[in-house]
1. Of the cross-linked pairs Lys74/Lys99; Lys53/Lys189; Lys99/Lys189; Lys53/Lys187, which ones have a Cα-Cα span greater than 18 Å in the structure shown?
2. Just the accessible area per residue of the range 65-131, please: how many Å² with a 1.4 Å probe?
3. Find how much the distance from Lys155 to Phe45 grows on full extension, using 0.36 nm per residue of separation minus their present alpha carbon separation; answer in nm with one decimal.
4. What percentage of the solvent-accessible surface of the range 52-195, computed with a 1.4 Å probe over protein heavy atoms, is contributed by carbon and sulfur atoms?
5. Can you tell me the FRET efficiency between Ala194 and Asp128 if r is taken as the Cβ-Cβ distance and R0 is 25 Å, rounded to the nearest 0.05?
6. Can you return the aspartates and glutamates within cross-link range of Lys140? Criterion is Cα-Cα under 19 Å, with same-chain partners fewer than 8 residues away left out.
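The values are calculated or read from the model by the stated rules, or taken from the named source; none is laboratory data. What you see is a predicted model, and the numbers here were worked out from it, not measured in a lab. Here the Cβ positions follow ideal geometry from the backbone for every residue, glycine too, while neighbour counts run over all protein chains shown. To get the accessible areas, we keep the full protein, side chains included, count just its heavy atoms, and leave off ligands, DNA and RNA. Shrake-Rupley method; radii C 1.70, N 1.55, O 1.52, S 1.80 Å.
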Amino acid sequence: MKETTDSPAQGGVRWRRFAAMMVPTTVVAGAIVVGMANGAIAASFAVSGQTFKVSATKLEGEGFKQYGGMVEEKDGTAHPVAVSEIGSAKLHNLCQSVKIPNMPIVLTINAGGGGNPATASGMLIDMDSLEGNATFSNIKIGRDATDLNSHATPKSFGQSADSVVITDLRQVARSTSAGTFTLTGLKLKVNVGAEARECF
């Protein structure tokens, strides 16, 4: 089941490249920002204020939801985010990287290689941006966000799909949480100097 860049087909929608909010149009982005301004979802913990990068050759997810939200640092600094909920996910060749500010040091975590993907359930992601090639099954765009999460702002924008497959995923996020997160073949490394390269 594949679709062209602009045309929907039975059972899904496909975009070749897409950034934050999945549907990169002024109208949709504006609707989500309005939802944030009216006090949509907040993370259950204070974020660090620093973003991190995540890449994967493929993400396979079941039970996809997305809507606008807001996360806060300890000092009250707020950041608007796109909130993505995924009921269960498989991540192939997962890479996560965090660069130490103003220093040639990058912490990387790799997992899910060799045909044994990392898995997660009850995943919640607060992100700044997302790129990749995506195929959605039974997608519904423009839903009231409170039908997806009761804490969202009424009448704010939301979207959902039965499943999603994203290849060549590149994501800049502020937080990730999950009920369970299994990292098969976990490798954590502190990279310094010339080796201090992020996932992308």
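1. From Lys74/Lys99; Lys53/Lys189; Lys99/Lys189; Lys53/Lys187, over 18 Å: Lys74/Lys99.
2. Per residue, the range 65-131 has 42 Å² of solvent-accessible surface.
3. Extra length from Lys155 to Phe45 when fully extended: 37.1 nm.
4. Of all accessible area on the range 52-195, carbon and sulfur atoms account for 52 percent.
5. The computed FRET efficiency comes out at 0.40.
6. Glu3, Asp6, Glu60, Glu62, Glu85, Asp162
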